[in-house]
1. So, in region B:59-83, how many residues would count as being polar (S, T, N, Q) and within 7 Å of chain A (Cβ to nearest Cβ)?
2. Please give the number of the condition A:CYS67 fails out of (1) surrounded by fewer than 23 Cβ atoms within 10 Å (Cβ to Cβ); (2) within 14 Å of chain B (Cβ to nearest Cβ); (3) part of a helix (DSSP H, G or I).
3. Specify which of the listed residues (A:THR44, A:THR76) is in contact with a Ser or Thr (Cβ under 8 Å, 6 or more places away or on another chain), away from chain B (no Cβ under 14 Å) and part of a helix (DSSP H, G or I).
4. Would you confirm, using the coordinates I've provided, whether A:SER27 is within 12 Å of chain B (Cβ to nearest Cβ), more than 17 Å from A:PRO105 (Cβ to Cβ), assigned to a loop (DSSP other than H, G, I, E, B) and free of Cβ contacts under 8 Å to residues at least 60 places away in the same chain?
5. Hey, does region A:108-120 have a residue that's buried (at least 23 other Cβ atoms within 10 Å of the Cβ), within 14 Å of chain B (Cβ to nearest Cβ) and modelled with pLDDT of 90 or more?
6. Search region B:393-448 for residues being among the charged types (D, E, K, R), within 17 Å of B:ASP267 (Cβ to Cβ) and over 29 Å from the mean Cα position of the chain (by Cα), and hand back the single one that is modelled with the lowest pLDDT.
7. Being in contact with a strand residue (DSSP E or B) (Cβ under 9 Å, 6 or more places away or on another chain) and either of a type outside the set (S, T, N, Q) or on the phi > 0 side of the Ramachandran plot (or both) narrows it down to one of A:VAL66, A:VAL61, so name that one.
Amino acid sequence: MEEKNISLLIGERDPFFRRQLERILKSHFNLIFVEDGTEILTKTKNIGPNLIILEALLPSVDGFKVCQQLKGDPETKAIPVLFYTVLRAEARVRQAGADGFLLKPQPPEKLLSWVKNFLIKPESKGESK
Amino acid sequence: MTERITLGVPNLDQILGGGLPAYSLVLISGNPGSGKTILSNQIVYQLATPERRGLIITTVSEPLSRLLRYTQEFKFFDPNKVGESIIYEDIGPHLLGANGENAWDKIEELILKNQPAFLVIDSIRAIHDLSVSPAVTRRGFFRLASLLSTLPCTAFLIGEYDGDEYAPTVEASIADVILHLEYRPVGLGSRRIIKVLKVRGSDFLAGEHTFKINSDGITVFPRFTTPAKPLVYKPVTQRALVGIPGFDDVLFPGGILRGTTTLVAGDPGVGKTVTALHFLLNGGRQGEAGVYVSFQEDPNQFATIANNFGYDLEKMIRDKQLILLYNSPVEIDIDEMALKIIAAIQNIQAKRLVVDSLSDLASGARGDPDRFYNFVYAFVQWLKDRTVTAMLTNEMGQLFANELTLTGRGVSHIADNLLLLRYTELEGEIRRALTILACRGSDHSKKVYEYLISEKEGPRLGSPLSSAFTLFRPTTIQE
């Protein structure tokens, strides 16, 4: 699949991190940003993204619960869910069923290759960084 | 009586007069970097549960991501509490894009939605700064205070206010409790101060208290002070044997009165430490536990000295008859030391104490002689109240001088007994001489004695020195 045809749904409340992600990922992927957990759940069903990036701290429904719901739903469980978060809570992220965890902040190259890794090599599921 | 909350920050409850009144509105003010955010987070992380949740609302003083990054460095931080027991909300965008009134709407909405038992707004100053008018701010605070008064919620408002800047603010007037934090440079170092400025309808421990921040978070060291209620003294007639030959029969017949404090002042190297050490370790031999506070001899040096005199230090420590409390004299704090000493005394039910030396301890008052004087007074009263017999050593600076400066800090008046050790020249040799200058409430020898210290047998009192010595007839004696 052409990278530009790949859709990433990003749940991020912080405008500065939204800007960072946009700067790094926009030229590679089609980005859809949302700011709260409920919206992530709705949008996932509507647009069927190729990958989801979450901040753990999301308003209304937090990232952990969002991930649990996505992974518990047969319709969405195959979509890779990655946590790019300020919270040092890898164990909890794994428990929620996420595929990847990366602590904020990270340099652009690392962030980009991390995301690509989950799109290009699905077998690498489980690798944290 | 209002229910009190134990805050989980060591000793903070004590300066608040026994915990925080439940459902208080607390203003935590202080200059940037003084520890306000850490304090509020430490409290919320200790207290919040899924049933009694904490809500931390950030404004625009610090991005939420940054706040969290540094909070996670502390041991009190628990990532499992985030989202379950503690909710983070950021109202920065509402403040940046509006006239300030929207921020108050958002705060109200978040409180009503989350129904927190503990609320933090960090910081409230930012709301002031971004508000279009003081009227908007005042209305907002009034709305907040009114809303909180209807809820079982204890709230902490964080404000970056230097010195007295907080005083005229609306949040200071609505607050039930005001805590002020300061980061103050002192000499080459610094000191962190916490002050309780207001607790509505309750007594509290006024004045400046030191606090420290380490990976555990904040620990407060309450200003050591005499209790507001005077102690009821029982006349003490029992005596503690010093155990140094000549002391319990000639100098202090029957021993030193229990619960009294003896200042052992003298020239450098004249035998103050050895005297105090024997007093303490002899107590151990009589089954009395003791605490030795040293700022110069580390435990190894101390063990070497004691073993030379035939004391089995390891056994005494093992049997809980002795605690050696060694502390570097660099950057100590007297109130922190007081807590350590008290804990050690209580740990082994000590009846004897040595502080070696007072001049090292004085450095912990950071150049404030009044603070030190008050501290020593309060500390001696504390010991008296618990019948702990103490020896405090103090080095006099001027060797062979005709002017005696005992402590230079006025504390010799606080001690009950005053023992003076000096070098003297006798028959072409430098010898040690000893006398008692004061012994409150008890008879004592007025003579000047030679003081002999043998490497194996330790110290003992020699014969009275009958010659005319200028050493004990100084031109002036100064406090």
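1. 3
2. Condition not satisfied by A:CYS67: (1).
3. A:THR44
4. So A:SER27 does not fit the description; no.
5. Checked region A:108-120: no residue is buried (at least 23 other Cβ atoms within 10 Å of the Cβ), within 14 Å of chain B (Cβ to nearest Cβ) and modelled with pLDDT of 90 or more.
6. The residue in question is B:GLU403.
7. Criteria check complete, one pass: A:VAL66.
This table checks each residue for (1) at negative phi; (2) touching a residue at least 24 places away in the same chain (Cβ under 8 Å); (3) surrounded by fewer than 21 Cβ atoms within 10 Å (Cβ to Cβ).
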| site | (1), (2), (3) |
| --- | --- |
| B:ARG318 | yes, no, yes |
| B:ILE334 | yes, yes, no |
| B:ALA350 | yes, yes, no |
| B:SER357 | yes, yes, no |
| B:PRO369 | yes, yes, yes |
| B:PHE372 | yes, yes, no |
| B:GLN381 | yes, yes, yes |
| B:THR389 | yes, yes, no |
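The values are calculated or read from the model by the stated rules, or taken from the named source; none is laboratory data. If you're wondering where the values come from, they're calculated on a predicted model, not measured in any experiment. Glycine also receives a Cβ, built like all others from the backbone with ideal geometry; neighbour counts cover every protein chain displayed.
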